[in-house]
Amino acid sequence: MQHLVAAGQLTPEVLTELIAKAEEYRKLLETTDGRQQLRALYPDKIIATLFYEPSTRTRLSHESAAQRLGMGVVSTENAAEFSSAIKGETIEDTVRVVAGYADAIVIRHKETGIVDRAAAASPVPVINAGDGTGEHPTQALLDVYTIWREMGTLEGLNIVMGGDLAHGRTVRSLAQVMSNYKGTSFTFVTTPQLRMGDDIKQLLGERGVSFTETNDVHAATKEADVVYWTRLQKERLEDPTLEAGFVIDEQVMAGMKEKSVIMHPLPRVDEITAGVDADPRAAYFRQSHNGVYVRMALLDYLFSQK
Ligand code: ASP
């Protein structure tokens, strides 16, 4: 794996390795000695973060991960306006230029598929930090790590995904990755306009992974091991009047299994009420913190490739 552009590259073998590394880094970060050791690992590397779409967690956690490993960071947080894209530069030319300034490039863009083009033109590793309604593989990486930490296993899980499954890229990446594990089943809670893409459902069918679709939040969440909730992707909707209208509140929580977990890629808007936050099963803030450890592991993985 030279670049990480799609969740399909995150096979169980790769994930096992990355999770072990993330755990190792998590331990080292607990002590001053450990932190200093980590800072000494990659003082010769610089990463560039090129973000053409808004981000809080993904950009900052990649930059934090790089700095925890002793790397330098160069960054443009509003590349759509502040980079030469506005002058008409192609993504291929941009990465050729940035590859002269950095040893890896993390890209987020509103155009689906554009990170593949960037990777094809880049002599240094490219990481897809979200491409339109396409994929968000590093989010899938931190989601899988979170599921493993919270549930103690990646097998035999009933995963309920809810909200805007048509325009959300995190659910597309996570569904692909989790479909590789034995005994996974999915329930998609959504409306006809916000359904999971046919390409993902076809893949699940080919892999023999069972899935159902429903609009009954209570019935679906009762049987869930993992509840993965998402916001309506308002910025991607052609019809601005669309609503998802599926809310996780304390009443829904009361019907859920004691051993289960609620996740959300964040930002949360109003689809999980603040009253849920104190429930020990609400893992979304732990989940976002996990992003640093796995992104450290990923940078190490990409820089260790021969
Ligand atoms: N932060 C995630 C993403 O960039 C989820 C979201 O924005 O709803 O896809």
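Here are the numbers for this structure:
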read-out: Partners for LYS257 among lysines (Cα-Cα distance below 18 Å; same-chain residues under 8 apart left out); value: LYS222
read-out: Point-charge dipole on Cβ atoms (K/R +1, D/E -1) for the stretch 207-306, about Cα centre, debye to 20; value: 640
read-out: Fraction of antiparallel bridges per DSSP, the chain only, in percent to nearest 5; value: 0
read-out: Value of relative contact order over the stretch 220-306, rounded to a whole percent, pairs C-alpha under 8 Å and six or more apart; value: 32
read-out: Cα-centred dipole magnitude for the chain, charges only on beta-carbon of K, R (+1) and D, E (-1), debye, nearest 20; value: 700
read-out: R0 of 30 Å, Cβ-Cβ distance HIS289-ASP44: FRET efficiency to nearest 0.05; value: 0.65
read-out: Hits among lysines - C-alpha to C-alpha of LYS110 under 28 Å, sequence gap 8 or more where chains match; value: LYS45, LYS87, LYS201, LYS234
read-out: Calculated FRET efficiency for the pair SER75/THR241, C-beta based, R₀ 41 Å, to 0.05; value: 0.65
read-out: Charge-dipole axis of the stretch 1-112 as Lys and Arg at +1 and Asp and Glu at -1 on Cβ define it, positive-most pick from TYR101, THR58, LEU29; value: LEU29
read-out: Cα centroid of the stretch 178-215 to Cα centroid of the stretch 252-306, whole Å; value: 20
read-out: Relative contact order (%) - criterion: Cα under 8 Å, at least six apart; region: the stretch 185-271; value: 34
read-out: Two-site label geometry, LYS87 and ASP216: point separation in nm, points 7 Å out along Cα→Cβ; value: 6.0
read-out: Sum of -39500 (n - 2.57) over DSSP H runs of 4+, divided by residues of the chain (222 nm, nearest 500); value: -12000 deg cm²/dmol
read-out: Among LEU237, LEU50, LEU154: highest mean-square fluctuation, GNM of the chain, C-alpha pairs under 10 Å; value: LEU237
read-out: Mean Cα-pair separation over length for the stretch 9-139, i.e. relative contact order, pairs under 8 Å, 6 or more apart, %; value: 21
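Throughout, read-outs are computed from the coordinates displayed, never taken from laboratory work. In this text the structure is predicted, and so the values were computed from the model without any measurement. Methodologically, a virtual Cβ is constructed for each residue, glycine included, from the backbone with ideal geometry; neighbour enumeration extends over all protein chains shown.
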